[in-house]
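Written below as structure tokens is the structure these notes are about.
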Number of protein chains: 2
Amino acid sequence: MRILGIDCGTERTGYGVIDSDGVRHLLVAAGTIRTNPRDAMATRLLRIAQGLREVIAAHAPQRASVEEVFHAANAQSALKLAQVRGVALLVSAEAGLAVSEHSALEVKKSVVGHGHAAKEQVQFMMKSLLGEATPVHLPDACDALAVAVCEATRARFESLGLNKAAVRA
Amino acid sequence: MRILGIDCGTERTGYGVIDSDGVRHLLVAAGTIRTNPRDAMATRLLRIAQGLREVIAAHAPQRASVEEVFHAANAQSALKLAQVRGVALLVSAEAGLAVSEHSALEVKKSVVGHGHAAKEQVQFMMKSLLGEATPVHLPDACDALAVAVCEATRARFESLGLNKAAVRA
């Protein structure tokens, strides 16, 4: 199964595409969509939507998974991030992908084994799961790959008849 | 000038289209795009995007104006609303419209004359500005029309060489 993970951001939106059976994961593509902070928000959202559409057209994933917006310390930042997230969900649904959402806690638990892992631990695990080509120097792309791995694991558990609560436990 | 005002909501997104020279305003169309609360957020955003695209295709506005998301008492509701707002900004930008944003305070100040007007005062003023056909029974459509009138007034002040600060004062 081919999965697109998306890590939303107003300046940098990370994307990561993997092929996975839920146990073994293969890196297909990963990168960052950048926007110009001087542009109006509508222009930046347009850039992000175009970038994500290009990724979907190039790699044809079957599923998309987006990280949930946490309660940021800065409410204004969280609201801007949520706008990007709305665009990511829309573009994925428009392309006919099955769309899921995962919290940062779920992603870390799925990749590292516990929900309070440091960024470096996530990057280390992503490299050991996906190999040396994993772009750990691009934190947003690496986070997006982690979201994709989380979704791959969840989808496998679901296909085995185990529900999300069981996965979380 | 033809202006589309959008009042974002996860359940009901209001839209209102007016023709205006910044002084006289003519009602073109107004209504509500509804989504099913049982649907996933991605599906609901897709429905809102389709609805807005239909409105833009049918009435060909030159500008769009979207109400800014306020700090809601409920942070989760504000984040959901911001996702809808991201979609409204994207769809407007994709259609090549000039996109602006106005706070609820600006909208009320522009329509009623002060920023803390009650909903009923806004509805009363919209009826006197746009005539008997104004759908005051559809609060979201009426709010969207108020956003459009606010943008029409701002655009006129701008064309007269007065900046936004002067309009606000």
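The values are calculated or read from the model by the stated rules, or taken from the named source; none is laboratory data. It should be emphasised that the depicted structure is a prediction, and the values quoted were computed from it without experimental measurement. Note that each Cβ is placed from the backbone with ideal geometry, even for glycine, and that neighbours are counted across all protein chains shown. With ligands, DNA and RNA removed, areas are computed over all heavy atoms of the protein, side chains included. Shrake-Rupley method; radii C 1.70, N 1.55, O 1.52, S 1.80 Å.
Around A:His102, under 9 Å between beta carbons, what's the net of Lys plus Arg minus Asp minus Glu among the other residues?
-4
Averaged over A:49-58, how many beta carbons belonging to a partner chain fall within 10 Å of each residue's beta carbon? If you can, show how the numbers build up before the last one.
On the way: counts 6, 1, 0, 0, 0, 0, 0, 0, 0, 0.
So the per-residue partner count for this stretch is 1.
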For Cα pairs less than 8 Å apart in space and 6+ apart in sequence, what is the mean separation divided by the residue count of chain B, i.e. the relative contact order in percent? 31
Build a GNM of chain B with springs between Cα atoms under 10 Å: which of B:His114, B:His102, B:His25 gets the top mean-square fluctuation? B:His114
Which of the GluC sites (Glu not before Pro) across the range A:8-89 are loop residues per DSSP, with 16 or fewer other Cβ within 10 Å? A:Glu11, A:Glu68
To the nearest µm²/s, what D does Stokes-Einstein give for chain B at 4 °C and 1.567 mPa s, using the Kirkwood radius over alpha carbon pairs as Rh? 82
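Please compute the per residue accessible area over the range B:2-168 with all protein chains in place, 1.4 Å probe, rounded to a whole number of Å².
Heavy-atom accessible area per residue stands at 45 Å².
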A:Tyr15 accessible area, assembled protein chains, probe 1.4 Å, Å²: 40
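Please list B:Lys127, A:Lys80 in order of solvent-accessible area, largest first, computed with a 1.4 Å probe with all protein chains present.
From most exposed to least exposed: A:Lys80, B:Lys127.
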Quick calc: nm separation of the 7 Å Cα→Cβ label points for B:Asp19 and B:Gln76 -> 4.6
GNM flexibility winner over chain A from A:Leu52, A:Leu145, A:Leu130 (Cα, springs under 10 Å): A:Leu130
Run the numbers for B:Asp39 and B:Glu68: contour at 0.36 nm per residue of separation, minus the present Cα-Cα distance, in nm. 8.0 nm
Of all accessible heavy-atom area on chain B, the percent that carbon and sulfur account for (1.4 Å): 52
At a probe radius of 1.4 Å, what is the per-residue accessible area of A:Lys108, in Å² to the nearest 10? 60
When chain B is treated as a GNM, springs tying every alpha-carbon pair under 10 Å, which of B:Gly96, B:Gly16, B:Gly31 comes out with the largest mean-square fluctuation? B:Gly96
Principal axis lengths of the protein assembly as shown from Cα atoms, whole Å, largest first? 66, 40, 35
If each DSSP helix of 4+ residues adds -39,500 (n - 2.57) and the sum is divided by the residues in chain B, what number results at 222 nm, nearest 500 deg cm²/dmol? -16500 deg cm²/dmol
Area buried, chain B against chain A - accessible surface, total, 1.4 angstrom probe, square angstrom: 1900
Return the FRET efficiency for the residue pair B:Glu132, A:Ala57: r is the Cβ-Cβ distance, R0 is 41 Å, and the value is rounded to the nearest 0.05. 0.25
Accessible-area ranking of A:Phe157, A:Phe124, largest first, probe 1.4 Å: A:Phe124, A:Phe157
Largest-first ranking of B:Arg2, B:Arg38, A:Arg34, A:Arg156 by accessible area, probe 1.4 Å, whole protein assembly kept, is B:Arg38, A:Arg34, A:Arg156, B:Arg2
